[in-house]
Amino acid sequence: MTTLLIIEQVLNGLQFGIMLFLMAAGLTLIFGVMGLINLAHGSLYMVGAFAAAAVAGLTGSFVLALMAAMAAAAIAGVLVETVVIRRLYAADHLDQVLATFALILIFSEGTRWVFGSFPLFLNIPAYLSGPITLPGGIEYPLYRLFLIGIGLLVAAGLGLLITRTRIGIQIRAGENDREMIAALGVDISRLYTLVFALGAALAGLAGALVGAIQSVQVGMGEPVLILAFVVIVIGGIGSIKGALIGSILVGLTDTLGGIFLPQLFKLFMEPATAQTSGSALASMAIYILMAAVLIWRPTGLFGARA
Amino acid sequence: MTDPVLATYNLNKSFGALKATDDVSIDVRPREIHAIIGPNGAGKSTLIGQICGGLASDSGRVTLAGQDLTGTGTAVRAKAGIGRTFQISQLAMDDTVLQNVMLGALNISSSPWRFFRPALADRDLRDKAEAALARVGIADLDHMQVAELSHGQRRLLETAVALTRAPKVFVMDEPMAGLGADGSKALTTLLDGLRQEAPILLVEHDMDAVFALADRISVLVYGKIIATGTTAQIRASQAVRDAYLGDEA
Amino acid sequence: MIRESYLNTFVLALLIAVPAWAVVANEPFTITLATRAVIFALAATGLNIALGLGGMVSLGHAVFFGIGGYAMGILAHHAQTYTPLMDGLFLIEGTKSMPVIWLVAMVTSGIAALLIGLVSLRTGGVYFIMITLAFGQMFYYFSISWATYGGEDGLSIYLRNDFPGLNTLVPINFFAICFTILLIVLLLNALIAKSPFGLALNAARQVPQRAEAVGLNPQRLKLVAFVISGVITGLAGALFADLNRFVSPTMFSWQTSGEIMIFIILGGVARLCGPVVGAVVFVMLEHVLGDLSDYWHIYLGVLLLLVVMFVRGGIVGLIAGKHVAHD
């Protein structure tokens, strides 16, 4: 166990957390503004990844691939919002859950139909691949560092958007009082579509970015979606700040738990048992974290007080 | 002086900078109707929340028949004997009238932890519910679904639920709200007789009803009790005129 | 409109008639399909108590389904390998006896429901959905990483478990066991819905403030309902694993949770036989559409979307009217 290893794993956890943030931020915005729980957010992540893989395959350009991912996810988002989701804002959570569950089925099988069941591959471009030497002599993959950088940029951009722009003011107003902003003459349905498209684009971007280090396949979105839910429960619904802190907490807990819990168990168990029980416990670590936060603060770290 | 049934001592509650209740001490004595009046936003709903347990007080105490209820939850206070009615009817819309009223008696004559015998087959529960419905005059509606009732009928049902519980004190939040003249008159007669069974803390906007019924009236303005007295005293009070009745005159 | 009780009788009669015909016509696969529908119906009846009576939108009922499945898998695995389950202070042996397996499945899923309920009922609404979904995923990953019992590959058992006095390898016998259990649970469900507890739970769902004002504790009522619900779905999980003679992490997956909920929605929320109708329709769709297309989930998705957006109240609501019968 070395300091180098620890730093490397912390960076991995940070990178994982930042990608979760891109998902969680959209989800929490959509919930905060429209009061909608969107299970199909994972599908938009998948759409982004597939669009990126397809465009990268055609053009060979990673930048174009990322743009295509965001565009495709945003378009899919707008389409879904105007055809289905819009009818669900006033519905109860059960209907929202079911309708968006139905959308998962349609998106997943539709993608399987078009692209087949085999995973696609999205390559990291040459200028972003390979390791880089960090101060202190740590070798770390450049691409992962790039992911952390992009994620932090998006987080900062979102922060500015929400606190400094007209749209941001409308979004915050929408979170507090929906009737009020309608009364003030804001075009609610346009605002909703916009927020949904923004959330979708972020999910699509995350899908494409992560798709380059994992494989691009049907069903890739839902595990991430559920982790993003854990993030939101921990951070508090509707809070971007909560989503950021929650994402990083979850990312670090999951990554560090997976590495260090088995090691920790080896201190007082025989290696084989320690490995199994350590990794079994590590697989549960973030959910235990979630339960602990809930017991401590039922509405999450930054959630509005009930 | 007889011991009060329900009493509050120096209740306070602030929401941010707003003092919703400010040092409120009132009591409800046996066999009386004590009405609380005051303009909108005076803190009446906050006070009811503090008395019935939905809102935690910043400071102050609440007692019922000498028992200190400060800090307890709504369910505990209900079991202790506070019978509450809501300003906005809290009724299970999908259920029948009878089912709604039986709910009131659940913790009184039987336990909710019985799983396999129909509630309707519980004679005692049903008798209590039907008696309460008869008293508010809607016995014939017992098998109607609440969603099908008129607003006035729901108000009566709301009162009936509290009746089944035979509480030590009633806390009624605008029972007359939205009732027509006939409805108000009928409910006034009912409440008039009810005080013999348990005293009533009555929050009400219908001034005819208040002055017809109340033994004492307290006037709440900006969270403070500015006057408490008999109807005659309140009518005569200059402070009340200035603060409240003046608006209406 | 047809009265709901007639519809219920018809559906249950159909569930007897089809396998009976299959015995005569020697179509064992049809019996297996019917058994599958019955077990799904049982799992969904469990969820319907939480969802329909208690208003708890649980997207984590796969937890209980999976626990039931693994209770069967683990006990039978130890029995067929002649290894003790635990060899510490006590010696615990595996078993091939269905009633014992059912009991273990029900107790363990009940405990899991109690713990999950305690945490997730601290909040409500949309948090509850996300938390139950997350706990489902926790069990999923745990079962994958638990190498002792097959990890990702799951556990197979060679022979179906035993029931006193019946040869469970005969498909119709196993169907009869499952169907009887479903009938008993439906009966209990009907009783609970009309009991004082059901009355109180109903109020806790619709008007929690009122429930508190009459001295009831809505959270505790919901917790008990959640446990009952988990116990039933756990029992269904044990039967499902026995039907397939196989259990794997898939039983814990979010898709399973979603499907259990779909059964209810297709059939009708809070309707006694809603889950039964939904499960039967689902298994039929799975069989018919699954034969037509590899991508039949698209059609299922579209159907579900249409039901949610246009046919509130599911199939039972469509046939027997919107209002839940009261007497």
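The set of residues in the range B:189-233 being in contact with a helix residue (DSSP H, G or I) (Cβ under 9 Å, 6 or more places away or on another chain) and hydroxyl-bearing (Ser, Thr, Tyr) consists of B:SER218, B:TYR222, B:THR228, B:THR231. Among residues of the range C:278-290 that are more than 11 Å from C:LEU300 (Cβ to Cβ), those with a Cβ under 9 angstrom from a residue that is outside any helix (DSSP H, G or I), sequence gap 6+ or separate chain, pair up as C:GLY278/C:GLY268. With respect to the numbered conditions (1) of a type outside the set (Gly, Ala, Ser); (2) within 15 Å of the chain's Cα centre (by Cα); (3) facing chain C (nearest Cβ under 7 Å), which one is the sole condition not fulfilled by B:ARG77? Going through (1) of a type outside the set (Gly, Ala, Ser); (2) within 15 Å of the chain's Cα centre (by Cα); (3) facing chain C (nearest Cβ under 7 Å) one by one, B:ARG77 breaks only (3).
I'd like to verify a number: residues in the range A:50-81 that are outside any helix (DSSP H, G or I) and either charged (D, E, K, R) or touching a helix residue (DSSP H, G or I) at 6+ places or on another chain (Cβ under 9 Å) (or both), how many? Spell out how you get there, then give the answer.
The initial filter retains those residues of the range A:50-81 that are outside any helix (DSSP H, G or I), namely A:60-61.
The next check asks that each one be either charged (D, E, K, R) or touching a helix residue (DSSP H, G or I) at 6+ places or on another chain (Cβ under 9 Å) (or both); those that pass are A:61.
Qualifying residue count, the range A:50-81: 1.
Report yes if B:ILE88 is out of contact with any Ser or Thr (no Cβ under 8 Å at 6 or more places or on another chain), surrounded by 18 or more Cβ atoms within 10 Å (Cβ to Cβ) and either under 24 Å from B:LYS19 (Cα atoms) or more than 10 Å from chain C (Cβ to nearest Cβ) (or both), otherwise no. So B:ILE88 fails the test.
Any idea which of C:ASN189, C:ASN173 is surrounded by 19 or more Cβ atoms within 10 Å (Cβ to Cβ) and either in contact with a Cys (Cβ under 7 Å, 6 or more places away or on another chain) or at pLDDT 95 or above (or both)?
On the way: C:ASN173 fails: surrounded by 19 or more Cβ atoms within 10 Å (Cβ to Cβ).
So the residue among C:ASN189, C:ASN173 that is surrounded by 19 or more Cβ atoms within 10 Å (Cβ to Cβ) and either in contact with a Cys (Cβ under 7 Å, 6 or more places away or on another chain) or at pLDDT 95 or above (or both) is C:ASN189.
If we keep just the residues of the range A:274-306 that are assigned to a helix (DSSP H, G or I) and aromatic (Phe, Trp, Tyr), which is surrounded by the most Cβ atoms within 10 Å (Cβ to Cβ)? Checking each candidate, the answer is A:TYR287.
Selection of helices (runs of 4 or more DSSP H) fully inside the range B:178-249 by the criterion of at least 3 residues being within 15 Å of the chain's Cα centre (by Cα) returns B:181-194, B:207-213. Being within 14 Å of chain C (Cβ to nearest Cβ) and of a type outside the set (A, V, I, L, M, F, W, C): is that true of A:GLY211 here? When the stated conditions are applied, A:GLY211 does not pass them. Residue count for the range B:42-74 under the criterion of being within 14 Å of chain C (Cβ to nearest Cβ) and touching a Gly at 6+ places or on another chain (Cβ under 7 Å): the result is 6. Of the residues making up the range A:260-292, those that are within 17 Å of A:VAL250 (Cβ to Cβ) and either of a type in the set (Lys, Arg) or more than 10 Å from chain C (Cβ to nearest Cβ) (or both) number 3. Filtered by the rule that a residue be within 12 Å of C:PRO99 (Cα to Cα) and acidic (Asp, Glu), the range C:149-166 gives a lone residue, C:ASP162.
Answer yes or no: is there a residue in the range C:195-210 that is away from chain B (no Cβ under 12 Å) and in a helix (DSSP H, G or I).
Start the filter on the range C:195-210 by keeping residues that are away from chain B (no Cβ under 12 Å), which leaves none.
Looking through the range C:195-210, none of the residues is away from chain B (no Cβ under 12 Å) and in a helix (DSSP H, G or I).
The values are calculated or read from the model by the stated rules, or taken from the named source; none is laboratory data. Owing to the predicted nature of the structure, the values given are computational and were not obtained by experimental measurement. In this analysis, Cβ positions are derived from the backbone assuming ideal geometry, glycine residues included, and neighbour counts consider all displayed protein chains.
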